[in-house]
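The values are calculated or read from the model by the stated rules, or taken from the named source; none is laboratory data. It should be emphasised that the depicted structure is a prediction, and the values quoted were computed from it without experimental measurement. Note that we place each Cβ from the backbone using ideal geometry, even for glycine, and neighbour counts take in every protein chain shown.
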Amino acid sequence: MTRHLHAKAGSTPVSTSLGTQEHPLRVAVVGAGPAGFFTVEALLKASDLACSIDVFNRLPTPYGLVREGVAPDHPSIKKVTRKYDRIASEPNVRYFGNVTFGRDVDRGDLLRHYHQVVYAVGAQSDRRLGIPGEDLAGSHAATEFVAWYNGHPDFTDRSFDLSHERAVVIGNGNVAVDVARILVTDPEELAATDIADHALDALRRSRVREVVMLGRRGPAQGKFTSVELKELGRLEGVDVIVDAADLELDPASAAEAEMSRVAIRNLEILRDLAARDPKGPGRRLVLRFLASPAEILEADGRVGAVRVERNRLVQAGSGTIRSEGTGDVDTLEAGLVLRSVGYRGVPIPDVAFDSERHLIPNLAGRVLDGPGGSVMPGEFVAGWIKRGPSGIIGTNKPDAAETVAGMLDEVQGGGASAPERPAPEAMVELLESRQVRYVTFEDWRKLDEVETMEGEKQGRPRVKVVRVERMLEIMGR
């Protein structure tokens, strides 16, 4: 029996026995975040394709940044997990949580058991500033702070000094806005969310009264969305301070802004904020543009202040606008610095990596053996580790569709790998032989039920379990 696989509209179907009910395509997806789930969804929607998909995740809990990265006061964004639940419930999809790639299973294992492997591991590190004092106690990547307040098990025991009245957030994107907002929001408002209990306790004791956000370029180049920016103006008991002079655009920035609906809307919101009279004496969120940290200064062995240089914008040779220092410097006393200048991908064992772009080298999702190299049969990539840390959750859907189109093209062309042991039970046997304490999606549902039941008692969406051993106890593994 043969069957046609349709990778995309207009493509020419090629007959093959792989992908039929008698010979289903076996796929491993490494990573259970948005990129991983959208990849599974695209495979399930492929016309006339019989496939069997196993999803591997390092933590027992699925959803990736939806659980561990989306701000707790943004519950509507987390509703996408309902779709992921439906995907994971498909009979030909299995979830193997608490399985670490490179330790419990490696690249060779997956290639021996699957026709195709998709790496959807995200961008797990942060970009650095490269300035003196960056590694002082009290200076952290914003990604660590986000993981901490969201209950990521790896960051549960981290501590952040909230004893100083001022904190500085470096960056002008949505993550910077998120961490700044969490720092100035009334903790009793956060108490109605799924914020981790340890973070809520710390924020209740916080002495932070002012957060200063530094953006190296101007307001027209801000990377935050209009929705995130507008939300700042609705914070109860918080004065949002914007210097109207920062909103006076140079001709190049004005021309650039006119070409972006987001920039136009952002400028409207910022002008409205700048026109407001501070109410005081509550908390303050100060948005500073054209300002770069030059040095983080030490006091008693930890962060004591930040030297900030005023910038100006200049046109680069490529037509882009960049910032350069003016030499005008001032100093902000602060006890906490959160660096939010971007996520960065990190290498995974035995898989090629582009150390300059910090991603897995690929051609439209097909893994290459190095930057500009040759295609590796049977290996694919999706999400931030494929394209870099850009876009929102929904951006991963077309990204995954592109990757799956390449996967189907490979099958149609007869180039898919021929694994030694593709039978579904073979992977279970391998994990059990290595005594890997893996969890299934049904196991996750047990934990989900416990978290949501505890949340109902407290009037919250859920109360997160933040330690892996406790998760496994509840799951019965």
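Brief remarks follow.
- Selected residue (only one of Glu298, Glu231 is of a type in the set (Asp, Glu) and not in a strand (DSSP E or B)): Glu231
- Asp399 satisfies every condition listed in (1) part of a loop (DSSP other than H, G, I, E, B); (2) under 21 Å from Tyr63 (Cα atoms) except (1).
- Here Pro371 passes the criteria (1) outside any loop (DSSP other than H, G, I, E, B); (2) in contact with a Pro (Cβ under 8 Å, 6 or more places away or on another chain) except the one numbered (1).
- Boolean, Lys279 is of a type in the set (Lys, Arg), closer than 24 Å to Val208 by Cβ and either within 27 Å of the chain's Cα centre (by Cα) or in a helix (DSSP H, G or I) (or both): no
- Number of the condition not met by Ser433 [criteria: (1) over 27 Å from the mean Cα position of the chain (by Cα); (2) of a type in the set (Ser, Thr, Tyr); (3) within 25 Å of Ile195 (Cα to Cα)]: (3)
- Within the range 239-261, the set of residues being of a type in the set (A, V, I, L, M, F, W, C) and either closer than 14 Å to Gly218 by Cβ or surrounded by 19 or more Cβ atoms within 10 Å (Cβ to Cβ) (or both) comprises Val240, Val242, Ala244, Ala245, Leu247, Leu249, Ala252, Ala254, Ala255, Ala257.
- Across the range 305-349, the number of residues qualifying as crowded, with 18+ Cβ neighbours inside 10 Å, at pLDDT 95 or above and within 14 Å of Val169 (Cα to Cα) comes to 10.
- Exactly one residue out of Ala244, Ala299, Ala254, Ala291 is without any contact (Cβ under 8 Å) to a residue 24 or more places away in the chain and out of contact with any Gly (no Cβ under 6 Å at 6 or more places or on another chain): that is Ala299.
- From Arg103, Arg112, Arg94, residue being more than 29 Å from Glu473 (Cα to Cα) and basic (Lys, Arg): Arg112
- Every residue from the range 183-207 that is under 23 Å from Val341 (Cα atoms) and either of a type in the set (S, T, N, Q) or surrounded by fewer than 21 Cβ atoms within 10 Å (Cβ to Cβ) (or both): Thr185
- Qualifying residues in the range 113-126 (those that are out of contact with any Ser or Thr (no Cβ under 9 Å at 6 or more places or on another chain) and over 25 Å from Arg467 (Cα atoms)) - the one surrounded by the most Cβ atoms within 10 Å (Cβ to Cβ): Tyr119
- Within the range 110-123, residues that are under 19 Å from Leu431 (Cα atoms) have Cβ atoms under 8 Å from residues that are acidic (Asp, Glu) and assigned to a loop (DSSP other than H, G, I, E, B) in these pairs: Arg112/Glu420; His113/Glu420, counting only partners at least 6 apart in sequence or on another chain.
- Test: residue in the range 353-361 that is surrounded by fewer than 21 Cβ atoms within 10 Å (Cβ to Cβ), charged (D, E, K, R) and not in a strand (DSSP E or B): yes
- Residue list for the range 409-443, restricted to those being part of a helix (DSSP H, G or I) and either without any contact (Cβ under 8 Å) to a residue 24 or more places away in the chain or in contact with a Ser or Thr (Cβ under 8 Å, 6 or more places away or on another chain) (or both): Asp409, Val411, Gln412, Pro424, Glu425, Val428, Glu429, Glu432, Ser433, Phe441, Glu442
- Apart from one condition, Lys446 fits all of (1) assigned to a helix (DSSP H, G or I); (2) in contact with a helix residue (DSSP H, G or I) (Cβ under 6 Å, 6 or more places away or on another chain); (3) buried (at least 20 other Cβ atoms within 10 Å of the Cβ); the exception is (3).
- Only a single item in (1) modelled with pLDDT of 95 or more; (2) hydroxyl-bearing (Ser, Thr, Tyr); (3) under 21 Å from Gly64 (Cβ atoms) is not met by Ser433, and it is number (3).
- Contacts under 6 angstrom Cβ, first residue in the range 93-105 being charged (D, E, K, R), partner surrounded by fewer than 19 Cβ atoms within 10 Å (Cβ to Cβ), 6 or more apart: Asp104/Val436
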